[in-house]
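Participant: Here it is: the structure, laid out below.
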């Protein structure tokens, strides 16, 4: 049995086993999710909330932007508070202050330390004791909590309305006036927030930890990291070290034996590639990609500006037209859309290049898919605007408006439309690749892996269709991270790895067999941790402890291949210097080198910083989370997308001279700007929040009092230099691409003889 066949079998076994366990965990989450009660009553028999109230509140929350305005269970935006933690703390303080008033004190803080300790002990039992009755579906609360709920509910009703007294707090939270104009909807919103807080502060039946594994940190009711978070954090480090050791052993044993020496081509093997009509038609995908990228950067600047200037920016009340929750929605959504567009365009370009086959009506399909992409972007964005402005109506919001789930915000109609579009893309790429998949075709294994990743990208977006309007939040989170982690972080990377391997083999820089083995091995290593590593997003989403254990263990393995990313970077750099004609591909390869760097830093270092349960317990939803998100999403997938686009453009316009200066400015501006954003703002601000969360509780690290400090404002303003440099890089890239069509500089393609002569001279 050949090595290639063994690797294919290993990959198949790994994927079957991993997805079986992942589906089993989905079953566990479904069975052990926090119950949604039929009613919540006080001990006196008064009905506080009904299930209908909580479900209506959830729909209202989704329509106003959901996770884009504050967060739930730590998932979402960073300027407004985490509503679960905020409600829990406010309800706790309302109870304590009421008890203090009964003892004649002004508030809880005015009591002696002895009395505070006594009331705190009484409080813990009041909140953590589970009073849910499965037989009747009823939660029964003490009268103290009923009165506290009424008080906190009033606070939220005023906050989400237009009460002038709450205007400073709305400014701090980047909320527009009348975020929820309907009074009944504001009351129902409070019911939903209360339920998320109840799950966070109430112990599971027969256990000593809450439904959210004691998240968030709340010392007043002894919400602290459970023992399991310490244990599995330690084991995750152990798994990481073991994985690095094993991979190091593999490299040591195989080093120097992966590839037999071979003569590199004296001229560019891709010089004779025929650009088919469908390949030419992909150019418009790259134009749209750049437009989406620029808009995303602009929206990112606006979103960051909201944190320090509230509703008014440069004297203009932008919040009335483009509220924070909407600007952040579009900013995060565009990050996925423009990178996905790079993948779509690359796949459509590369498939005929691999097979040398142009299927009938392929160009028509490419153009039609492009039109669909434009409609989806414009339509979904319009629906989200009407939803957030509260003019679409709750009846239409789920289907055409804003679903409220970060990175999965578009309405269900647009999700279905996008899924159909991805299936069409799969068909277009698949039929163009088909001749290269037939038995005996050269590079069949790499092409097969490319095709399978195309299938996965096309079909795995279907995870976005797995939940309904009233599906339990824990299950929505489970399927949502299938979409975000597996679709974006998983199969996109496999697709890109296969494409790059194909390019290097087609250029003659790698032997086909060597590249095939390397790609399959890399896929196995990544997927070994990547599939079950999805669970690290679900530690505190109402999931059982087994999810925490598996997520910690396998997310540590995700970092293992990144520890040796330097080998890949060096190998790529060496290949870029292999022959004189490789200078034509210098900048695409430079972007691939940047991918290696940010894979190590953004995905590796900053990813592992937050991945262990004990770390994430305090860091989830703080600015250390976007530290990983920005450096990994753009640093890895964004840079990779740009590199692939440049490869395609070189093939589309082989006779043109490139403006090397613009590409140099773009490359270094992206890298320097991203580094400055990370080091000057996100890392120090996140560290400050972390210290505050450990010392005083998670609610405090997300509070307006903490986030409106002068030092925080200064750190946010420190983003300006880095963001400006980054934006210059984007503009330089746009000018470069436009110049290829508007002001082309023809230099012709060197003849085969000229390239041979240059190569011979260099070797001599």
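The values are calculated or read from the model by the stated rules, or taken from the named source; none is laboratory data. Computed from a predicted model, the values in this text were never measured in an experiment. Here the Cβ positions follow ideal geometry from the backbone for every residue, glycine too, while neighbour counts run over all protein chains shown.
Participant: Take the range 379-392 and flag every residue that is within 17 Å of residue 420 (Cα to Cα) and surrounded by fewer than 21 Cβ atoms within 10 Å (Cβ to Cβ). Quick ask: steps written out before the conclusion?
Facilitator: Within the range 379-392, the subset within 17 Å of residue 420 (Cα to Cα) is 379-380.
379 - this is the single residue of the range 379-392 that is within 17 Å of residue 420 (Cα to Cα) and surrounded by fewer than 21 Cβ atoms within 10 Å (Cβ to Cβ).
Participant: Same structure again: Mind listing whichever residues of the range 318-331 are surrounded by fewer than 23 Cβ atoms within 10 Å (Cβ to Cβ) and either over 20 Å from residue 292 (Cβ atoms) or out of contact with any helix residue (DSSP H, G or I) (no Cβ under 6 Å at 6 or more places or on another chain) (or both)? Talk me through it step by step, then tell me what you get.
Facilitator: To start, the set of residues in the range 318-331 that are surrounded by fewer than 23 Cβ atoms within 10 Å (Cβ to Cβ) comprises 318, 320-322, 331.
318, 320, 321, 322, listed by residue number.
Participant: What's the number of the condition residue 453 fails, among (1) in a helix (DSSP H, G or I); (2) at pLDDT below 95; (3) closer than 27 Å to residue 379 by Cα?
Facilitator: Exception for residue 453: condition (3).
For every residue, the table says whether it meets (1) under 30 Å from residue 173 (Cα atoms); (2) not assigned by TED's automatic domain parsing to the domain that holds residue 706; (3) not in a loop (DSSP other than H, G, I, E, B).
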| residue | (1), (2), (3) |
| --- | --- |
| 86 | yes, yes, yes |
| 90 | yes, yes, yes |
| 94 | yes, yes, yes |
| 106 | yes, yes, no |
| 114 | no, yes, yes |
| 119 | no, yes, yes |
| 123 | yes, yes, yes |
| 127 | yes, yes, yes |
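Participant: Can you find, within the range 159-174, the residue that is farthest from the chain's Cα centre (by Cα) among those that are buried (at least 16 other Cβ atoms within 10 Å of the Cβ) and in a helix (DSSP H, G or I)?
Facilitator: The residue in question is 166.
Participant: What number of residues in the range 539-556 are outside any helix (DSSP H, G or I) and surrounded by fewer than 24 Cβ atoms within 10 Å (Cβ to Cβ)? Break it down stepwise before answering.
Facilitator: First, pick out the residues of the range 539-556 that are outside any helix (DSSP H, G or I): 539-544.
Now drop any that are not surrounded by fewer than 24 Cβ atoms within 10 Å (Cβ to Cβ), which leaves 544.
Number of matching residues: 1.
Participant: Those residues that are assigned to a loop (DSSP other than H, G, I, E, B), touching a helix residue (DSSP H, G or I) at 6+ places or on another chain (Cβ under 7 Å) and under 22 Å from residue 160 (Cβ atoms), I need them from the range 391-410; list them, please. I'd like the intermediate steps shown before the answer.
Facilitator: The initial filter retains those residues of the range 391-410 that are assigned to a loop (DSSP other than H, G, I, E, B), namely 391-393, 401, 403-409.
After this cut, where a residue has to be touching a helix residue (DSSP H, G or I) at 6+ places or on another chain (Cβ under 7 Å) as well, the list is 392, 401, 403-409.
Once the filter is applied, which keeps residues that are assigned to a loop (DSSP other than H, G, I, E, B), touching a helix residue (DSSP H, G or I) at 6+ places or on another chain (Cβ under 7 Å) and under 22 Å from residue 160 (Cβ atoms), the range 391-410 yields 392, 401, 403, 404, 405, 406, 409.
Participant: Considering only the range 396-406, I want to know if a residue exists there that is without any contact (Cβ under 8 Å) to a residue 24 or more places away in the chain, farther than 26 Å from residue 381 by Cα, more than 23 Å from the chain's Cα centre (by Cα) and not assigned by TED's automatic domain parsing to the domain that holds residue 77. Reasoning before the result, please.
Facilitator: Keep residues of the range 396-406 that are without any contact (Cβ under 8 Å) to a residue 24 or more places away in the chain, which gives 396, 399-400.
Of the ones still in play, those that are also farther than 26 Å from residue 381 by Cα are none.
No.
Participant: Residues that are at pLDDT below 90 and under 22 Å from residue 669 (Cα atoms): find the helices (runs of 4 or more DSSP H) completely inside the range 557-616 holding 3 or more of those.
Facilitator: Working: elements: 565-576, 586-598, 606-610.
Fully inside the range 557-616 and qualifying: 565-576, 586-598.
Participant: Related question: Can you tell me which of (1) free of Cβ contacts under 8 Å to residues at least 24 places away in the same chain; (2) closer than 27 Å to residue 203 by Cβ is the one residue 36 doesn't meet?
Facilitator: Going through the list (1) free of Cβ contacts under 8 Å to residues at least 24 places away in the same chain; (2) closer than 27 Å to residue 203 by Cβ, residue 36 breaks only (1).
Participant: Look at the range 200-213 and say how many of its residues are within 21 Å of residue 477 (Cβ to Cβ), in contact (Cβ under 8 Å) with a residue 60 or more places away in the chain and in a loop (DSSP other than H, G, I, E, B). Let's see the steps before the verdict.
Facilitator: We begin by selecting, within the range 200-213, every residue within 21 Å of residue 477 (Cβ to Cβ); these are 200-204, 207, 209-213.
Still in the list and also in contact (Cβ under 8 Å) with a residue 60 or more places away in the chain: 200-204, 209-213.
Imposing the further condition that a residue be in a loop (DSSP other than H, G, I, E, B) reduces the set to 202, 204, 209, 211-213.
Matching residues across the range 200-213 total 6.
Participant: Shifting gears a bit: Can you name every residue in the range 684-730 that is outside any loop (DSSP other than H, G, I, E, B) and within 27 Å of residue 664 (Cβ to Cβ)?
Facilitator: Start the filter on the range 684-730 by keeping residues that are outside any loop (DSSP other than H, G, I, E, B), which leaves 684-696, 698-701, 704-707, 710-717, 719-730.
Of everything in the range 684-730, those that are outside any loop (DSSP other than H, G, I, E, B) and within 27 Å of residue 664 (Cβ to Cβ) turn out to be 719, 720, 721, 722, 723, 724, 725, 726, 727, 728, 729, 730.
Participant: Right, something else. If you take the residues in the range 203-261 that are on the phi > 0 side of the Ramachandran plot and surrounded by 14 or more Cβ atoms within 10 Å (Cβ to Cβ), which one is modelled with the lowest pLDDT? Reasoning before the result, please.
Facilitator: First pass over the range 203-261, keeping only residues on the phi > 0 side of the Ramachandran plot: 206, 213-214, 222, 256.
Checking the rest, the ones that are also surrounded by 14 or more Cβ atoms within 10 Å (Cβ to Cβ) come to 213-214, 222.
Numbers: 213: 96, 214: 96, 222: 93.
The extreme case among them is 222.
Participant: For the range 419-450, which positions are over 23 Å from residue 276 (Cα atoms) and part of a helix (DSSP H, G or I)? Spell out the reasoning first.
Facilitator: Initially, the range 419-450 is screened for residues over 23 Å from residue 276 (Cα atoms), giving 419-420, 439-440, 445, 449.
Matches in the range 419-450: 419, 420, 445, 449.
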